[in-house]
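In what follows, a single structure is set out as C-alpha cells and then discussed.
The values are calculated or read from the model by the stated rules, or taken from the named source; none is laboratory data. Everything quoted here is computed from the prediction, not taken from an experiment. Here the Cβ positions follow ideal geometry from the backbone for every residue, glycine too, while neighbour counts run over all protein chains shown. For accessibility, only protein heavy atoms count, side chains too; no ligands or nucleic acids. Shrake-Rupley method; radii C 1.70, N 1.55, O 1.52, S 1.80 Å.
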Amino acid sequence: MSEIAHWPLLSTLLALPLLGALGCALLRQPPLAPSIALGSSLLTLLCSLLIVGVFDGADPDFQLRESHDWIGALGIRYLVGVDGLSVLFLPATALLFCGAIVAGWRPAAATSPLSPGLHFAMLLLLEAATLGVFCALDTILFFFCWEATLPPLYFLVSQWGRGTGRQGAAVRYFLVMLAGGVPLLFAFLALAFAPAGAAAPVFDLPTLLATPLPEQRQYLVFLLLLLGLGAKIPLVPLHTWLPPLAMNAPAAVTALLVGLKLGAYGLIRLAIPLAPVAARDLHWLLAGFGTVAILYGGVAALVHSNLRGMLAYSGLAHVGLVLLGLASFSVYGLQGVLLQLLNFALAGGGAFLVLSFLQRRTGSTDVARLGGALRSMPRLSALFLLFGLAGIGLPGTSGFPGELLIIVAALHDHTGAGLAALFGMVLAAAAFLSPFRQAFFGPANVPEVAAAEDLLPREMALLLVPATLVLAIGLYPMPILELLRPAAESWVAALAGL
C-alpha cells in the first residue's frame, strides 16, 4: 500500500472519466456509449476506493499530494490532495455517477437531437469536474473545476430534460451559478494578495490556511465566499433555481445535484477555515440561514404534490441542518455535518435514482397520477421507502447519526435554532410519509402503474450498494466517525487557536 500511495492516484481518478467522456463523444456506435460510460465510472469508483484504502486516517494533513506548474507567471499550480474532510466524498461521488449512468441508460431521445453518446460524455465530464472540486488545493484550480460543472449540467438539463420548462430551468441554473462565481473569484483574488510581503499572489490553499488574514479582510472574504457558495448550497433566497430544475431535469441529474452538496463542502474547506474570526463573529448568520432553510424547506415539501419536488425541498431543509452544525464550530457538530453530506449522496441521491426508474416506467412522479405502485413494483417501492426514511433520519439508517450530532451541537450553542431543527424534522417526516402512502399504497387506478415492470437486475444491483451502506452506517457509524475525527479535531483546533 505504501508503494501505491506514491502513484498519481488523484490524477488517475480525474483522468478516467475524462477518457471515458472522450470515448463516448467520438463513438460512432451509440449503443456502446452506456457500457463505456459505466465501465469508466466503475473504474473511477475502484480508484476512489483504492485512495481510501491507502489514506492514513490518523494524519489530519493533506495526503496524496500532486503538484505541477500550471500558470507559472501567477504561481498557479495543478495542486491536488485529500484529507479526512474530503476523502470519503470521492467514492460517494463515483457511486452516485454510476447510478446516474444506469438510470440514464436510455436517454430521452425525443427531447434532444444530439447523440446519446454526448449525453454520457456530459455525465462523465461532470463527474471529473465534481471530483476535481473535492481534490483541488489551489484556489484557481478549485474555481476552474467549480465552473466546469456548469456546461455539462446546462446541456444535460436543456437537451435531455423531460419537462416543458427544461430550457428555462437550464438557463436559470446556469445564470445563477455564473453570477455566484463572480464573488467567489473576487474572494480568491482578495486572498491571493492578502499575505504580507508576498512577492507574487498566493493561490496555494495550504499556504493560505497557514497564513492568518487581517481581521478586516476576513469579513470581506467570508461574505464573498458565503455569497458565491450559497448559490449552490443553496441558501434561501438563492434557491430559486432548485424547484424548476427538480421538476424539469432528468431525475438522475437531479440526484447528482441533491446528493452532492459542493456548496456546503466549500464552506467547510474554504469559507470558515480561511476567515475563522469572521465566521465565528457571524455564526448567527449561518444559524439564521439554517433555520430559515429548515422551516421553509419543510413547509414547501409538505404541500408539494410531486415526489421529485417534495424530495428537493426536503433536501433544502436538511441543508439547513448542515448550516446549523457548522455554526457550532465543534468536533461532533462537524462530524455530524460530514455524515449528513454523505447521507445526501447515499439516501438523497438514491431516492432520486429510484424516482428516475419510476418515471421511466409510469411517465410521471405526480402523486395524483400514481397509486398502488407497491403491487406492481415491490422492490422499487421498498428501496424508495428505505432511502426516504434515511432522509428523515430514522434510527438505524445513515441519516440518524449525523442528525443527532448536529442537533446536540445546535441545542448547545443555538437553542432556538436547535428547537426549530427538531420541528423541521417532524415536518420532513410528514412531507415524506403522506405522499408515499398515497403513491405506493393507494388504489391502482392508473393502467401504466398497474402494468409497470419492477426493477431490472442491473438497476437492483446498483441500488443495493447505497441501500446496504445506508443500513451499515446507521447501525454502526463508528468506523466513519473515527476516520473523520482527526481531521475534524484539527479543523476545530485551528479555529480555536486564533
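Which of rounded, prolate, oblate describes the range 369-438, given a ≥ b ≥ c as roots of the alpha-carbon gyration tensor eigenvalues and a/c under 1.5 marking rounded, otherwise prolate only if a/b is larger than b/c? The shape class here is oblate. Between E147 and R280, the FRET efficiency from the beta-carbon distance, with R0 = 45 Å, is close to 0.95. The residues of the chain present an accessible area of 36 Å² per residue when probed at 1.4 Å with all protein chains retained. The Rg/Rh ratio for the chain, using Cα coordinates for both the radius of gyration and the Kirkwood hydrodynamic radius, is 0.95.
The candidates R485, R369, R162, arranged from most to least accessible area with a 1.4 Å probe in the full protein assembly, appear as R369, R162, R485. Between the Cα long axis of helix 9-26 and the first principal axis of the chain there is an angle of about 40°, rounded to the nearest 10. The helix-only estimate of mean residue ellipticity at 222 nm for the chain, built from DSSP H runs of length n ≥ 4 each weighted as -39500 (n - 2.57), is -22500 deg cm²/dmol after division by the residue total. Residues whose amide H comes within less than 5 Å of that of Q63, counting only those at least five positions distant or on another chain, are V82, D83 (H built at 1.01 Å from N in the peptide plane).
Computed over protein heavy atoms with a 1.4 Å probe, the carbon and sulfur contribution to the accessible area of the chain reaches 69%. The simple spin-label model puts a point 7 Å past each Cα toward its Cβ; for D454 and F186 those points are separated by 5.6 nm.
Computed over protein heavy atoms with a 1.4 angstrom probe, the accessible surface ordering of S376, S398, largest first, is S376, S398. Using a simple spin-label model with pseudo-atoms 7 Å out from Cα toward Cβ, E489 and D56 lie 1.5 nm apart. Converting phi to 3J(HN,Hα) with the Karplus coefficients 6.51, -1.76 and 1.60 and the offset θ = phi - 60°, the range 159-170 yields 9, 10, x, 9, x, 5, x, 5, 5, x, 5, 5 Hz in sequence order, with x at every glycine or proline.
For the chain, a simple Cβ point-charge model (Lys and Arg +1, Asp and Glu -1, everything else neutral) yields a dipole of about 1460 debye relative to the Cα centre. What percent does the relative contact order of the range 186-296 come to when contacts are Cα pairs within less than 8 Å and at least six residues apart? For the range 186-296, the relative contact order is 32 percent.
Across the chain, the mean sequence separation of Cα contacts (distance under 8 Å, 6 or more residues apart), normalised by length, yields a relative contact order of 15 percent. Compute the angle between helix 307-328 and the longest alpha-carbon principal axis of the chain, please, reported from 0 to 90 degrees and rounded to the nearest 10. It is inclined by approximately 20 degrees.
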